[in-house]
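The values are calculated or read from the model by the stated rules, or taken from the named source; none is laboratory data. Not measured: the values here are computed from a predicted model. Quick reminder, even Gly has a Cβ in these numbers, built from the backbone with ideal geometry, and neighbours come from all protein chains shown. Ligands, DNA and RNA are excluded from the accessible area calculation, which covers all protein heavy atoms including side chains. Shrake-Rupley method; radii C 1.70, N 1.55, O 1.52, S 1.80 Å.
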Amino acid sequence: MTPGRNNPGTDGQHAVLAQRVFDGHRWHDQAAVLIRDDRIAGLGAWGEVPSDWSQTRLPEGTFVAPGFIDLQVNGGGGVLLNDRPTADAMRAIARAHRRYGTTACLPTLITDTREQMRTAIAAARAVAGRDGVIGLHLEGPFISPKRPGVHRPDLIRQPDARDLEELCALAGAGRSLVTLAPECVPPGFVRSLAAAGVRVSIGHSEASAATVMQAVADGATGVTHLFNAMPPLAAREPGIAGAALADHRLTAGLIVDGLHVDPVSVRAAFAAKGHARIALVTDAMPTVGASLDRFELMGRTITLAGGRLATGGGTLAGAHLDMASAVRNAVALAHLPLEDALRAASLTPARFLGLEHERGALLPGARADLVALSEDLRVVATWLGGESCEHKPP
């Protein structure tokens, strides 16, 4: 059902009415989200909406929540960032995920050549802050060759001074992120990136817990797809997973598709860290929002079967996952409270990026990025900066 708009109202002033609104912190019954231009003006009861404001009344059983924020999205709508690391590709990826409630994302470039990295950084500097693109995620190439996942081993390398200078340019590309293996970079590398304003996440790594703690002391604040591309937690070797679960300074991304991480492990991660330090991510590939069942990833064919993306050799290659499905899975498979799943999809990634006053919660002055969901957690509508988005099937 497409929500209808009542009353032409005053330009730039609009109210979205729903039986329930989750503002990122608590629920409001029979509430209206008041939008002035591209910002939240406030929340109120249905009867408190000014008479000269236009209104959208959502169907019965529908609720409104903050738009989702995806920290790791490789592609969507048939577009893979590694194929075309341009501003237009970043916009296309963000647009493809909007129908699934994602109103902001970090398009993600996995391990590639220096030239592709430079091109992606320049594109992110041009587009960040607009059209749902809030920065760039460089996942590699400074990762461990022992934990490559689907990354091409021949492109994994150690950084030099020139790389550090180029990565520091990400500070001018919105709120950007670099995933690296701390044991594979020189001393001071993490500290220099953090000092430049670039967020550092630990992933595709075999770092010991002590090495992780040193990286955190140097400014690392994230862990990329917790439990994947890292050794398992062991009694005397806690490693990255143990350090991530134990240290409240680290925010961990989690792929909740029922394939990458067992639901029991999902519950364990939330039990250890809480929703405030777990961010749902999709690790999405171009099949999301498209009718593809295969695509080429840097010379290898990736096939979609049974919801699973894999190489011919069986290696997982990202995920066929959108954020609305991640929220549903967190609730249905891992039996998490809906509020925890919603926060992990919006407020937590916003906080990780330092944007909690701008995104992730429906507070006065924040961007009017909203998602409306049905009782079975299907997306009914999405608003980006107060503007309703059209949702066309792939």
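Details
- The residue among Leu155, Pro141, Gly129 whose Cα reaches farthest toward the positive pole of the charge dipole of region 123-184, with charges on the beta-carbon of Lys, Arg, Asp and Glu, is Gly129.
- Per-q log10 I(q)/I(0), the chain, q = 0.13 Å⁻¹ (Debye; single scatterer per alpha-carbon; no solvent): -1.01
- If R0 is taken as 56 Å, the Cβ-Cβ distance between Trp46 and His335 corresponds to a FRET efficiency of 0.95.
- Neighbour cut-off at most 12 other Cβ (10 Å), DSSP loop, trypsin sites (Lys or Arg not before Pro), region 154-241: Arg236
- Local electrostatic count, Val216, Cβ distance below 10 Å [Lys/Arg +1, Asp/Glu -1]: -1
- Relative contact order of the chain, pairs being alpha-carbon contacts under 8 Å that are 6 or more residues apart, as %: 20
- The accessible area of His151, taken with all protein chains in place and a 1.4 Å probe, comes to roughly 10 Å².
- Projecting label points 7 angstrom from Cα along Cα→Cβ for Asp293 and Lys146 puts them 4.0 nm apart.
- Antiparallel DSSP beta bridges within region 251-394, percent to nearest 5: 75
- Evaluated at q = 0.17, 0.19, 0.22, 0.23 Å⁻¹, the base-10 log of the normalised Debye intensity for region 232-308, with identical point scatterers placed on the Cα atoms, takes the values -0.78, -0.87, -0.99, -1.03.
- Magnitude of the charge dipole for region 217-280, about its Cα centre and with charges confined to Cβ atoms of Lys, Arg (+1) and Asp, Glu (-1), is about 180 debye.
- Degrees, to the nearest 10: 209-218 long Cα axis against longest axis of the chain: 60
- Hypothetical label at His248: residues of region 331-374 whose amide nitrogen lies under 17 Å (7 Å Cα-Cβ projection): 348, 351-352
- Most fluctuating residue given options Asp340, Asp52, Asp283, as computed from a GNM of the chain linking Cα atoms under 10 Å: Asp52
- Taking a sphere under 13 Å around the Cβ of Gly24 and counting the other residues whose Cβ falls inside, with K and R at +1 and D and E at -1, yields a net charge of -1.
- Of all DSSP-defined beta bridges confined to the chain, some 55% are antiparallel rather than parallel.
- Per the Debye formula on identical point scatterers at the alpha carbon atoms of region 81-232, with no solvent, log10 I(q)/I(0) at q = 0.18, 0.21 Å⁻¹ is -1.04, -1.35.
- Folded to 0 to 90 degrees: helix 263-273 orientation relative to the chain principal axis, Cα: 90
- Normalising the average separation of contacting C-alpha pairs (under 8 angstrom, six or more residues apart) by the number of residues puts the relative contact order of region 135-249 at 25 percent.
- The distance from the alpha carbon centre of region 141-183 to that of region 297-316 is 23 Å, rounded to a whole number.
- Sites Glu165 and Ala210, calculated FRET efficiency, Cβ-Cβ separation with R0 30 Å, nearest 0.05: 0.55
- Charge dipole of the chain (Cα centre as origin; +1 on each Lys and Arg Cβ, -1 on each Asp and Glu Cβ, all else neutral): 260 debye, rounded to the nearest 20.
- Considering every alpha-carbon pair of region 155-218, the percent of pairs per 5 Å bin, from zero through the bin containing the longest distance, is 4, 18, 31, 26, 15, 5, 0.
- Taking N as the residue count of region 245-394, its C-alpha radius of gyration divided by 2.2 N^0.38 Å amounts to 1.11.
- Lys/Arg +1, Asp/Glu -1 at C-beta; region 1-113 dipole; positive extreme among Ile40, Val21, Gly101: Gly101
- When both region 40-102 and region 259-287 are represented by their alpha-carbon centers, they are found 21 Å apart.
- Backbone N within region 228-268 under 12 Å of label point (7 Å from Glu183 Cα along the Cβ vector): 230-232, 237-241
- GluC sites (Glu not before Pro) within region 37-117, DSSP loop, no more than 11 other Cβ atoms inside 10 Å: Glu60
- From most to least packed by mean Cβ count within 10 Å, the peptides 82-94, 258-270 give 82-94, 258-270.
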